Amino acid sequence: MNTKYSLHVVHPAFELLKRSAKVLHFIAAAAILLNAWHEWQLHNESLVVCITQAILGVDILLLIFFTGNLLLESPKLNLIFRFIETLVLFGISISLFFNGHIGLGLLHLVAAFGYFILLHREARVLKNEDVEIKATGIVIPNLVKDVEISWADIKTIIPKYHSVIIETLKNKRIEFDLRRNLKIDELQQINDFCSKHLING
């Protein structure tokens, strides 16, 4: 018998982050384009810098409006653009500080930090969307840090063909839909494994 089972699930928080990708890219593109215009109009910044920022902003907008669901279907591409946006927003904040715009510089620095955290979270989504059922307990994926619930804290676990339901002794109910329906033999194996380790069953 296996010592661990991994169920690829549809995690609501992860799905919300994926669906927010276009909005977050649009905000970054708008900030980059506005800064390019601001630098050119008020500080006569290098034409090359302004045009480069403008091209990058337009590229992001093209990605949003003309590629359909590419960002959802190619999460690695999403990560690449998020990384670029983080670096550009950080660079803009430094430029604003040098030009004496401390308030705007801080705002862009906070935005860069926020996008860096988003990058980290999106990288976690890319690596792990599995509920793991193992001998020590059940590991639930999370945006910040995966949470392990020991068998001693689990009241019931009900694996189904298309979902898994976990209830804790604190009456917390956790339910995830599966991305792939389980086969009959897989379901039986998981049921047997859970029955063997469930202390409060």
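The values are calculated or read from the model by the stated rules, or taken from the named source; none is laboratory data. All of these numbers come straight from a predicted model, not from anything done at the bench. Positions of Cβ are backbone-derived with ideal geometry, glycine not excepted, and every protein chain shown enters the neighbour counts.
Couple of notes before you dig in:
- Taken together, the residues in region 141-156 that are under 15 Å from the mean Cα position of the chain (by Cα) and at pLDDT 90 or above amount to 0.
- Taking the conditions (1) part of a helix (DSSP H, G or I); (2) within 16 Å of residue 40 (Cα to Cα) in turn, residue 100 satisfies each one other than (1).
- Per-region count, region 85-129, residues hydrophobic (A, V, I, L, M, F, W, C) and within 11 Å of the chain's Cα centre (by Cα): 6
- Residue 104 vs. criteria surrounded by 13 or more Cβ atoms within 10 Å (Cβ to Cβ) and either within 25 Å of residue 7 (Cβ to Cβ) or small (Gly, Ala, Ser) (or both): no
- Residues that are touching an Asp or Glu at 6+ places or on another chain (Cβ under 9 Å) and surrounded by 13 or more Cβ atoms within 10 Å (Cβ to Cβ) number at least 3 in the following helices (runs of 4 or more DSSP H) confined to region 1-96: 12-19, 21-42, 47-66.
- The strands (runs of 3 or more DSSP E) located wholly in region 144-190 that include 3 or more residues which are surrounded by 14 or more Cβ atoms within 10 Å (Cβ to Cβ) occupy 154-159, 163-168, 173-178.
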